Amino acid sequence: MTAPSSPLPQPSPAADLVAEPMRSRWSPAVFATDRPVDDATVGGLLAAAAWAPSTGNTQPWAYVVTRRGTPAHDVVLDALSEGNRGWVPTAPVVIVGATLVGEHDGRSPKGDYTFYDLGQSVAHLTLQAQAVGLHTHQFAGVDGAAVARGLGIPDAFRVVVGIAVGYVGTDDHLAAARDEDVARHRKERVRRALAESAYDGAWGVPFGG
């Protein structure tokens, strides 16, 4: 397998205090179209998602796995926003994440925490993927209602996110990708300084740790 044309983007500023696999977690925009992800590995991602904390252990999340070349995968691709139509199809697996927003089988959501809990669950899934050599790219640019109809997701659940899963694209995959997707793929990984978002004891007092 040909190696990527350049090293994977490094976090900036340097994330020296961040442990793996968080430090290397990155959202590629070009996946290897010729490297499938086996069901056992996908099962591990879903198991990690299931072990996320949730409000009162309600576990409001639900996932639908779609694989390239299947009708379910086509449902997702047909519902993508224009900006996502180039890169999402390169991922061999796309997982649809939904959360409980109404009554279903005797279960009910805990208010807005249902979205918080789904987010934690997806974070666990992405870190499990990173730990086993995969990458993920979460996306919101998809018609959730159309996906729900096409995949038979009950009305009590709301589709919130799509998660592209696969191996990072190589030189050949990059050469076949759209220019805008290659640019996104190679974009610098930057975060705001902690002083702009983490405070010590009171708002506006930068945390000094």
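The values are calculated or read from the model by the stated rules, or taken from the named source; none is laboratory data. Everything numeric in this text was worked out from a predicted model, so none of it was measured. When we count neighbours, we look across all protein chains shown, and the Cβ atoms used for this are built from the backbone with ideal geometry, even at glycine.
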Out of everything in segment 140-165 that is hydrophobic (A, V, I, L, M, F, W, C) and without any contact (Cβ under 8 Å) to a residue 24 or more places away in the chain, what residue ends up being nearest to Ser81 (Cα to Cα)? Ala140
Expected output for segment 118-139 (first residue under 27 Å from Glu82 (Cα atoms) and touching a residue at least 12 places away in the same chain (Cβ under 8 Å), partner buried (at least 22 other Cβ atoms within 10 Å of the Cβ) and acidic (Asp, Glu), Cβ below 9 Å, 6+ apart or cross-chain) is none
Is it the case that some residue within segment 178-190 is in contact with a strand residue (DSSP E or B) (Cβ under 9 Å, 6 or more places away or on another chain) and among the small types (Gly, Ala, Ser)? no
With criteria (1) modelled with pLDDT under 95; (2) under 15 Å from Ala62 (Cα atoms), Val161 comes up short on (1)
Does Ala72 satisfy the condition of being on the phi < 0 side of the Ramachandran plot and assigned to a helix (DSSP H, G or I)? yes
